[in-house]
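The values are calculated or read from the model by the stated rules, or taken from the named source; none is laboratory data. These numbers come from a predicted model, not from an experiment. Please note: Cβ atoms are built from the backbone with ideal geometry, for glycine as well, and neighbour counts cover all protein chains shown.
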C-alpha cells in the first residue's frame, strides 16, 4: 500500500479529512449563529482581534465588539422588515499553511425570504478567510468578501493573504 | 504533538470526520432518491417508525408506508405539471449525542424547474433531523422542517429534540 | 468496538472520509478555476483524454485542448457581457468502484450575476462524473451533465457509466 500524500498536509498535522470536516462544521454553526442574530456567539467565532472586510465598508470591521454590533444592527433591521437571511457557503477550498492557519476560499450565497413572500437569491459573493485554531476551536482571524455584482468594490486589505487567489 | 479533541466525539466513537462524511453521503443519496420519485427507496432511509414533521401538516407523517405515499403523490403531481424539484441541504451541523444518535441541523433549498422554463428558488427551509445507525446505515428517525416564509407554521413536535436549536 | 464497514470501501483503500474530503476539495478548486476563466488550469483537472458531455452538444468534448478552448470562449463572452457565472455542486454522492475510480453524482447550480444587477439561478443541472487518481491527484475522466429544464436533451454517452443512475 502506497503512502497517500494527498490526505495529509504535514507529517505532524491531522489528516486533511479531519481538517476539512472541522471546517465545514465550523461554517455551519457560524452561519446558523449569524442568521439567528446571535451576535455575541457569532462574534466569538472570530479571534479577539478578528477582522471582517466586507465589500462595501471603507474600513474593515475589527474586533468582536464591533463585529457583534454590526450583526445586532443588521438583524434588528431584518426583523423589523419581516425578512430572514440565510448565508450558504459552498465550494469550500481549504489550504493549510505552514504556520498552521488555514486559507479558505468559498462561494457565499445570501438567500432572503420575506414573511409570506418568495425566497430570492439576494447576493452572490466570494469569501476568503484565514482560520486559526485557538483552544482547539477554529476561529476566523480575517475575512474578505467580494460581491459578484460589484467587482469594482474591493474590500480594504486586512492582512497577510495572498494576492493571487481566484 | 497534542491530542486533538475536536476530531473525536467519544473515546470509543468513530472520528468526527468519518461521521461527517457519512452524513453528507447519506443526505446526497437521500435527496437523489426523493427528487427521482423513488418513494419506497427514499422511505427506507427513515427508520421503520420514522417521523417527518413538515411545516404545513397538522400531524407528523409516521412510518415508511405513509412517507412513501406522500412522495408518490407529490412526485406524480410534479410530473403531471412538468416540473422537477431538487432538495439541496447545506450548512450541515452535526451534533453526536450520548446515545449514539446524531442531531443534524441544516438549511434546505428547494429548487423548482419547469420544463423549458427558468429554474427558481421555490422554498428556503431549515431541517432538523435525528439520525440513527441501523445495520451500519444511517437513517432518519425524526425530521422537523420549518419554512422561512412562514415562521408562523411550527411543525408538530415529533419527539425528543432540544428546544433551543437555532 | 465493532468494525465500521460504512467508513471503508475496500480493505486496502483509504477511509471513505478521506476520499470524500478529497472529492469536495477537488470540486471546489475545479469550479474556482472554471469560474475565473483559468481555462488551461481547469482543463488540467481532467485526464489528458477527458470527456465532457454537456446537455446541448451533439458530440462530447474530448481532450484538454478542446476543453480549455470551450472555457476560453465562454469566459470571453461572459466578460464582454459583464456577467459572472458561479458553478455550485451540492448533494455529492461518491461511489468508489472496484477499479479505483469514483462515480460521483451531484447537483449543479449555475448562478449568474450581471455587473450592478441581481444574481439569478441560471441553470439547475445534474452532474455525473467518473473521477480517477493520477499522480495522487483526482481528475475527471468523464462528465455527463443534464439540465432540469431540458429533460429531452440527453448528452451523448461518453463511456462506461451505469445507465440507471438517478
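Is there a residue being over 21 Å from residue C:132 (Cα atoms) and modelled with pLDDT under 95 anywhere in segment C:60-70? The answer is no; no qualifying residue exists.
If I filter segment B:110-127 for residues that are touching a helix residue (DSSP H, G or I) at 6+ places or on another chain (Cβ under 8 Å), touching a residue at least 40 places away in the same chain (Cβ under 8 Å), more than 18 Å from residue B:14 (Cα to Cα) and within 14 Å of chain C (Cβ to nearest Cβ), do I get at least one hit? Checked segment B:110-127: no residue is touching a helix residue (DSSP H, G or I) at 6+ places or on another chain (Cβ under 8 Å), touching a residue at least 40 places away in the same chain (Cβ under 8 Å), more than 18 Å from residue B:14 (Cα to Cα) and within 14 Å of chain C (Cβ to nearest Cβ).
Contact map, segment C:141-166: residues that are within 14 Å of another protein chain (Cβ to nearest Cβ) and within 11 Å of residue C:125 (Cβ to Cβ) paired with residues that are modelled with pLDDT of 95 or more and in a loop (DSSP other than H, G, I, E, B), Cβ distance under 8 Å, separation 6+ or inter-chain. Pairs shown: C:148/B:119; C:149/B:115; C:149/B:116; C:149/B:117; C:149/B:118; C:149/B:119; C:150/B:115; C:150/B:116.
Residue A:94 falls short on exactly one of the conditions (1) within 14 Å of chain B (Cβ to nearest Cβ); (2) over 16 Å from the mean Cα position of the chain (by Cα); (3) in contact (Cβ under 8 Å) with a residue 24 or more places away in the chain, and that condition is (2). Checking the stated criteria, residue C:123 turns out to be modelled with pLDDT of 95 or more and crowded, with 19+ Cβ neighbours inside 10 Å. The residues on offer are C:26, C:75, C:46, and the sole one that is in contact with a helix residue (DSSP H, G or I) (Cβ under 8 Å, 6 or more places away or on another chain), more than 19 Å from residue B:32 (Cβ to Cβ), buried (at least 16 other Cβ atoms within 10 Å of the Cβ) and in contact (Cβ under 8 Å) with a residue 60 or more places away in the chain is C:46.
Checking segment A:49-59 against the condition returns no match, with no residue being within 12 Å of chain B (Cβ to nearest Cβ) and modelled with pLDDT of 95 or more. Summed over segment B:29-43, residues that are in a helix (DSSP H, G or I) and touching a helix residue (DSSP H, G or I) at 6+ places or on another chain (Cβ under 6 Å) total 7.
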